[in-house]
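Everything below concerns the one structure shown next.
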Amino acid sequence: MRNAVQPARTLTWRNRFLPPRALPVAAVIALVAAASVVLFLFDPGHYRFYPRCLLYQTTGLLCPGCGSLRALHQLLNGQVLAAIHYNALLVLATPIAAWLTVRSLFRSRRGQPQSLEFHPAWLWVALAAVFLFGVLRNLPFAHTFWLAP
């Protein structure tokens, strides 16, 4: 039985064009692209189908994420200063997130492990920055320094 003939593998369209382990990545890319098109075309300030911030609705306080959809809409339309006005933290964090994503994709293409290894101090710095941004944008002078939308 050692020399038994193995049945030939049939190639489906998915195996030819998209390796099985790339399917989740392709699905995420398609979802992000579709969401980006919707966000590019429809301004969150004028359309009500976007989610609203529950913290702001219940307490009147701005969370660190308030204004993120409007900031992303402005970034997609090339208006960087307007995006900074809506959520400066998001605009500053976008290049970092893009770099981490591209690095992870290149590592996976090379067969290296895809781990987000950070020194714990970086995570604490990020958490402190988000907390500080959330506190500062609720102070009376926040509109003067573009901390509040």
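Read-outs: derived from the displayed coordinates by stated rules, not from any lab. For clarity, every value in this text was computed on a predicted model and none was experimentally measured. Here Cβ is always computed from backbone atoms with ideal geometry, including for glycine, and neighbour counts include all displayed protein chains.
With each pseudo-label sitting 7 Å past Cα toward Cβ, what's the residue 146-residue 118 distance in nm, one decimal?
2.4
Calculate, for residue 34 and residue 55, the FRET efficiency according to 1/(1 + (r/R0)^6) with r their C-beta to C-beta distance and R0 22 Å; round to the nearest 0.05.
0.20
Just to confirm the filter: which chymotrypsin sites (Phe, Trp or Tyr not before Pro) across the range 41-140 are DSSP coil and have at most 12 other Cβ within 10 angstrom of their Cβ?
Filter output for the range 41-140: 47, 49, 118.
Only loop residues by DSSP count here, and only those with at most 13 other Cβ atoms within 10 Å; note down the trypsin sites (Lys or Arg not before Pro) in the range 53-149 that meet that.
In loop regions of the range 53-149 (DSSP not H, G, I, E or B), the sparsely surrounded trypsin sites (Lys or Arg not before Pro) are 110.
Go ahead and run the numbers for FRET between residue 46 and residue 102, Cβ-Cβ distance against an R0 of 35 Å, rounding to 0.05. Don't skip to the answer; put the middle values down first.
Working: r = 32 Å, r/R0 = 0.93.
E(calc), rounded to 0.05, equals 0.60.
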